[in-house]
Each structure stands twice: as C-alpha cells, then as structure tokens.
Amino acid sequence: MPRLACPEEAHATLHVVQRGRARSPCFSCTRDRAAYLEALRECTAQECAVHAYALMGNHVHLLITALRAGGAARLMPALAAGYAHYLAAAYGYEDPVWEEAYDASPVHARRHLLACMRYIEENPVRAGLAARPGEYSWSSYRANALGEDDALLTPHPHYCSLGRSPVERRAAYAALFVGTRERITPVSRRPSGSLSPRARSRS
C-alpha cells in the first residue's frame, strides 16, 4: 500500500486518512468497526502511538506518532491486511476494501496538533452522523474530552500540556470544541483505482 510523499522519521506525528475504494463504505455494522479498531490495536503495538481517530462511513482518520522511522508505512498495510482477514472470515469477502494510497500529513506545532485532533473528532458532526462529538461512539472524543477508557489511545505531549491533571486536560480540551473554530485544510489526495467493497452503510 503506497503512501503520498511525506516524511516518516521516528517520532514524527502524522494525520493519516485511509479511504475506501471508489469512496465506497468500509463498514456495514458495529461489529465491523470494532474489528477495525481491534486490528488497529494489534498493529500499533510495535509501530505507532494513536492520539486520535474517527471511523467514518467510507474513510478513517488517524493521528499517530511513529515509534520508529517508517512506522506508518508498515502500519497501514498491516492494518489493511488485518481488517481484510476479518472480512474474509466474517463474510467470505476477499476484494480490496481500501484505496491503494493512503494520505499522510505531518503535524508539528502544538496549536496545529490540537486543531487537528478537533478536526478529526468533529468529522462525524460535519458528516451528519451525530449532533455533537460526544454522541458518536467511533471516535476518540469521548476518551480525550470525557475521560472514557480507551486502551488504544496514547496521549500526545501537546495534549498533556493542557493541564496538570487528567481532569484539567479533559476540560481544557473539551473547551476547544466550543471556542472559535479554525478551518483545517484536509491532506492532499491521490487518485486510486475503483473497486467497490462489500460494505453497505454510509455511517
């Protein structure tokens, strides 16, 4: 699975977007999304720390920090393979689900990183899947802002700088969602071939 040109040094933080083939849905039910997150947990153990995510209907947003050089380049094919294994076992589905290329954009400054986290976790609201970020079950918002347990997540140092205690950090982070909203430019896209997956639902 190739990627867009992007530095992948060790400890680099990246906003990664993985899209379904021909923008087709990648998940058909709750079990599919849970399986994707389980595959992500297994694949990130040795490669990357996950700071934020949102599972949409036909794409996924991830904010990750590579633990070593080229971490995302190893993570994304392994994640696609893990989810493909689940689809084959659950449905007998064997066609590729994801576009050949994933998108990756480096995130450096503290202000940009926090705004990127908000962009990711507000995605379900912008897509009309929930009225508020906390109402959507398939993003990291409820962990980062409300303190819900999520073993997948590793807090980024910039997130930790929001307060001395977890309660202070969560409150400061949640306040970002009710303040002035910045526009975050989506990462660039590369065309890929089209092949529709099995999944059906938009959400």
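Values in this text are rule-based calculations from the coordinates and carry no lab data. As the structure is a computational prediction, the values presented were derived from the model and not from experiment. In this analysis, Cβ positions are derived from the backbone assuming ideal geometry, glycine residues included, and neighbour counts consider all displayed protein chains.
For region 41-138, the set of GluC sites (Glu not before Pro) satisfying both a DSSP loop assignment and a count of at most 12 other C-beta atoms within 10 Å is given as Glu94. Derived scalar couplings between HN and Hα for region 97-105 equal 9, 9, 4, 4, 9, 9, 9, 9, 9 Hz in order, rounded to whole Hz, by the Karplus curve 6.51 cos²θ - 1.76 cosθ + 1.60 (θ = phi - 60°), x for Gly and Pro.
Applied to region 82-92, the Karplus parametrisation 6.51 cos²θ - 1.76 cosθ + 1.60 on θ = phi - 60° returns per-residue 3J(HN,Hα) values of x, 5, 4, 4, 4, 4, 5, 6, 7, 10, x Hz, with x for Gly and Pro. Modelled this way, with points 7 Å down the Cα-to-C-beta line, the labels at Ala172 and Gln46 are 3.6 nm from one another. Scanning residues 5 or more positions from His51 or on other chains, those with amide H under 5 Å from its amide H are Leu63, Ile64, Thr65, Thr154, with H placed 1.01 Å from N in the peptide plane. Of the trypsin sites (Lys or Arg not before Pro) found in region 21-95, the ones in coil according to DSSP and having at most 13 other Cβ atoms within 10 Å of their Cβ are Arg68. Remark: the Cys29-Ala127 segment gains 33.5 nm on full extension, using 0.36 nm per residue and subtracting the alpha carbon distance. Summary value for region 14-111: 42 percent relative contact order, contacts being C-alpha pairs under 8 angstrom separated by 6+ residues. With the cut-off at 1.5 for a/c, could you classify region 88-147 from its C-alpha gyration tensor as rounded, prolate or oblate? Oblate. Looking at the square roots a ≥ b ≥ c of the eigenvalues of the Cα gyration tensor of region 11-143, which shape do they give, rounded for a/c under 1.5, prolate if a/b is larger than b/c, or oblate? In terms of gyration-tensor shape, oblate. Of the trypsin sites (Lys or Arg not before Pro) in region 88-156, not one is in a loop by DSSP (not H, G, I, E or B) with at most 11 other beta carbons within 10 Å.
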